[in-house]
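Reviewing the structure listed below.
The values are calculated or read from the model by the stated rules, or taken from the named source; none is laboratory data. Everything numeric in this text was worked out from a predicted model, so none of it was measured. Heads up, the Cβs are rebuilt from the backbone with ideal geometry, glycines too, and the neighbour counts pull from every protein chain shown. Surface areas here come from the heavy atoms of the whole protein model, side chains and all, with no ligands, DNA or RNA. Shrake-Rupley method; radii C 1.70, N 1.55, O 1.52, S 1.80 Å.
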Amino acid sequence: SNILLGDKISIPLTISNNSGEDVTGTLKIKAPKHFKLLEEIPTEQNIATGNAKTILLEYEAVGTADGTFKIRFDGGEFKDEFEANIKTAKRGFPKEAMYSGAEMTQDFEVEINEPIKNSLEAQLTIYPDILGEVMTGLDRMLKQPRGCFEQVSSSNYPNILVLNYLLENNIINNDIEKTANEYLAEGYKKLIGYEVDGGGFDWYGRSPTHEGLTAYGLMQFQDMKAVYDVNDEMVERNVEWLLSRKDGEGAWNINPKHLHSWGESDVMYAYINWALAEAGYGGKIQTEINTSYEKGLSESDPYTIALLANTLYLTNDARYENAVGELTKLQQKNGSWKGTSHSAMYSKGKNLEVETTALAMLALMRSDQFKDELAQAAKYLIAAKTPYGFGSTQATVLGMKALTNYAKTMNNEARDGAISIFINDKKVLTKKYEVDSGQPIMLRGIEKYMKIGKQKVSIKFEDTETALPFDIAVNYATKNPPNHPAAKVKLETQLTDTSTSTGETVRLTATLTNTADNSLPNTVALVGIPAGLSVQAWQLKDLRDKEAFDYYEIWDGYLVLHYRDLEANETQTIPLDLKADIAGTYESPASCAYMYYTNEVKHWAAPSKITIE
């Protein structure tokens, strides 16, 4: 379970005696380190036969960490014990920033605005090899909700890339392999549960089936085959379904329900072609590839051309040279490629730039002519990291795919050295490092050198000729919502009561509004639930049946609501009757809403507070 820093919690501990005789014993409670005991608890306890005794364990969370409650009762031959994990997060609005690079010397402007006391944390991480980079990207991506087919896929995909990389490079890393295999088995089981009767996949495993998602799934299953036992019949069934969606004129029939999210467009057609070519079925879509080629090159969209170049290479088509030649002309000075409209998943902005750059890198790597262009692109990609990997799930997966492939083409020149940190040109810290283990090197606690407001933070590699990729993560909580100026989806939450009693219900109303004059795809609302309250499953099912949302999940102290589409100027009001379970004083994590593929553009709602008697 999750609580917030400053929450006071009153946990009812019940000891029942069904032994047939009176029992006297010792109660041992080991609370997490950051829990402050508010009321002493007698260690010796007597429980008469047939009786039960409830003791209130009263604590305040005075720090943020994950911790375990270990509770044991020892009454001679009558013993019992249990453990419960509790996460404690910061209060207020989370502010997360990441500064990345791979140069010998690099300057960043870091701004820290109105942090809540003791909430600032900053750490520097150095990556001696690509594996650490990819695994860290995966860990960061798991900090996002993962309730639908695409999100489960994308959380699953990096594990495939990691295992493949270990396999192809003859690297033995038992810990990473074990973790990746466990995630993979769980992910595969979830994924096949999203198949719709008759073939094809959907966001939530319900009709109508989704052409773009099915293509993405097939590509992933193809990559998975190298490291996992994938059911061939399942793959064939879905390939046949997707091929049945050809429109006979070189394009694809896309279900009109998906017009705005991964909808009907030349971009989507090019994406389906690429996914099928990656999955080994390029020979069955020659007409579709030809149509895509004629349109794609004339429109000069680097995203579509990158998809096309990869498709042409995979189908041994000589036009690959022409497509990749066009692509090199469109590279930006910073090493990236910028898509001109949107991706197949409707991502825009920074996520679209990362996806396009990764796809262009994959296309250029098929040839051995573009070392300089690739080096520039890799530098851009390494510096494009976010607190969630490389941005949205799609951006992260493609970024990882490009970097793991790129790592195979280069010699690992990592050498031991030292790294120094400067704040406003004053050296505050030097750390020597060794790269033989291949593990990321972390320097925690660098927030103690940082100042409130704007400052110049510089990184300098010393005693080495090779800079390594690195990032600085700066996280804190603030009292003011960091709303993004471009946010079109607005969220408000309101709790009707500020106090209640255990066993009662209290109404939390979440109001989600699309302020745009057009419909918005893949909207997500994270509604923070105060720790002592719980949502009621029957009510969530009822609300889903009434189409108040398309799908929901409970995740990390939030109720997460998913929408395929929010219509222009649509408002959804979600009334939640929360049950008061555990006495205490609680604050909810701050709620927010955003479009899944532009996850940096968020709108926040203030936290709710409640006392449960």
Checklist entry - Say we look at segment 185-216 and pick out the residues that are small (Gly, Ala, Ser) and within 20 Å of residue 165 (Cα to Cα); which of these is most open to solvent (accessible area, probe 1.4 Å)? => result 185
Item to check | residue 107, sole failed condition from (1) at pLDDT 95 or above; (2) assigned to a helix (DSSP H, G or I) | outcome: (2)
Item to check | Of residues in segment 292-343 being open to solvent by 60 Å² or more (accessible area, probe 1.4 Å) and of a type in the set (Ser, Thr, Tyr), the one nearest to residue 383 (Cα to Cα) | outcome: 340
Checklist entry - Before we move on, is residue 606 out of contact with any helix residue (DSSP H, G or I) (no Cβ under 6 Å at 6 or more places or on another chain), open to solvent by 20 Å² or more (accessible area, probe 1.4 Å), within 26 Å of residue 90 (Cα to Cα) and among the small types (Gly, Ala, Ser)? => result yes
Checklist outcome for this item: Subset of segment 425-475, residues surrounded by 12 or more Cβ atoms within 10 Å (Cβ to Cβ) and of a type in the set (S, T, N, Q), comes to 430, 439, 455, 458, 464, 466, 475
Checklist entry - How many residues does segment 453-470 hold that are in contact with an Asp or Glu (Cβ under 9 Å, 6 or more places away or on another chain) and charged (D, E, K, R)? => result 4
Checklist outcome for this item: Going through segment 14-58 in order, the residues found to be within 22 Å of residue 610 (Cα to Cα) and in contact (Cβ under 8 Å) with a residue 24 or more places away in the chain are 34, 35, 36, 38, 56, 57, 58
Next on the checklist: Just to check your reading of the model, which residue among 157, 165, 183 is under 24 Å from residue 599 (Cα atoms) and in contact with a Ser or Thr (Cβ under 8 Å, 6 or more places away or on another chain)?
Outcome noted: 183
Item to check | Pick from segment 356-382, criterion of a type in the set (D, E, K, R) and in a helix (DSSP H, G or I), ranking: nearest to residue 273 (Cα to Cα) | outcome: 373
Checklist entry - Counting just the residues of segment 227-251 that are under 20 Å from residue 273 (Cα atoms) and of a type in the set (S, T, N, Q), which one comes out surrounded by the most Cβ atoms within 10 Å (Cβ to Cβ)? => result 238
Item to check | Condition met for residue 117 (under 24 Å from residue 591 (Cβ atoms), free of Cβ contacts under 8 Å to residues at least 12 places away in the same chain, basic (Lys, Arg) and open to solvent by 40 Å² or more (accessible area, probe 1.4 Å)) | outcome: yes
Item to check | Residues within segment 510-523 that are modelled with pLDDT under 95 and either touching an Asp or Glu at 6+ places or on another chain (Cβ under 8 Å) or surrounded by 21 or more Cβ atoms within 10 Å (Cβ to Cβ) (or both), tallied | outcome: 5
Item to check | Residue under evaluation residue 465, criteria (1) closer than 30 Å to residue 559 by Cα; (2) of a type in the set (D, E, K, R); (3) assigned to a loop (DSSP other than H, G, I, E, B), criterion not met | outcome: (1)
Checklist entry - Are there any pairs, at least 6 apart or on different chains, whose C-beta atoms fall under 9 Å, with the first in segment 344-368 and open to solvent by less than 40 Å² (accessible area, probe 1.4 Å) and the second among the acidic types (Asp, Glu) and not in a helix (DSSP H, G or I), and if so, which? => result 351/600; 356/301
Checklist outcome for this item: Flagged in segment 526-562 as out of contact with any Leu (no Cβ under 6 Å at 6 or more places or on another chain), open to solvent by 10 Å² or more (accessible area, probe 1.4 Å) and assigned to a strand (DSSP E or B), in numbering order, are 526, 534, 551, 553, 554, 555
Checklist entry - If you go through segment 67-82, how many residues are within 17 Å of residue 23 (Cβ to Cβ) and small (Gly, Ala, Ser)? => result 2
